[in-house]
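First comes the structure, then the notes that go with it.
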Amino acid sequence: RIKLVEQGPQQKIDQRFLAWFNRDPERHVPKEDNIIVSPADGVLEHIIKKEKSIHLVIEMRYADIHVQRVPITGKLLSIDGGGEKLQEGFNVMDYQLDKMMPFQKITTFDTKIGIVKVHQITSFFAKRITVFLVKGHEYAIGERLGNVLAGSTVVLELPIHVKIVVKRMMNCLVEKQL
């Protein structure tokens, strides 16, 4: 058997690191109407306008909180992808991601502004993507959506008519409005 963690002082360091990395602080999410919050902490790397939607690509850094939040109140329609592979026809180069063999889950909500999707993306090596929610239930803005292990990107897909007030390379926090 292989020991992943040796006994002794090193084990305490490893446990403290894991506790820090997996932290999940309470958030004070604005309850105003007509806002969307960032689903993840990180840097807004790209804003990509497509034919029917706008994609905000948020790169989570090592020190960011890796728990994602519901960006806007809505009913959960589906959770697609087992986290094992990208969906058919999904071109990761659209997001200019530097991930080896990326994996993803897509959580789709029916909201007052239309269909909103949260893509949780990570690499083959991390490949642990969790969604905490249940299909068919209504969720409020800011509720915990899920988490992604290290090396992660979250893409927020919004209807094309949504006005975006953030700019590329801004720091995003769940508590801030998009």
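The values are calculated or read from the model by the stated rules, or taken from the named source; none is laboratory data. Being a predicted model, the structure only gives us computed values, none of them experimental. Neighbour counts run over all protein chains shown; Cβ positions are idealised from the backbone, glycine included. The accessibility values were calculated without ligands, DNA or RNA, using every heavy atom of the protein model including side chains. Shrake-Rupley method; radii C 1.70, N 1.55, O 1.52, S 1.80 Å.
Here are a few things to note about the model shown:
- With each label modelled as a point 7 angstrom along the Cα→C-beta vector, the D33-L133 pair spans 2.2 nm.
- The largest accessible area among E51, E138 belongs to the first residue in E51, E138, and the rest follow in falling order (1.4 Å probe, all chains).
- Stretch gain in nm, segment E51-E143, where the contour uses 0.36 nm per residue and the Cα spacing is subtracted: 30.2 nm
- Placing R0 at 41 angstrom, the Cβ-Cβ distance between R61 and I113 gives a FRET efficiency of 0.90 after rounding to 0.05.
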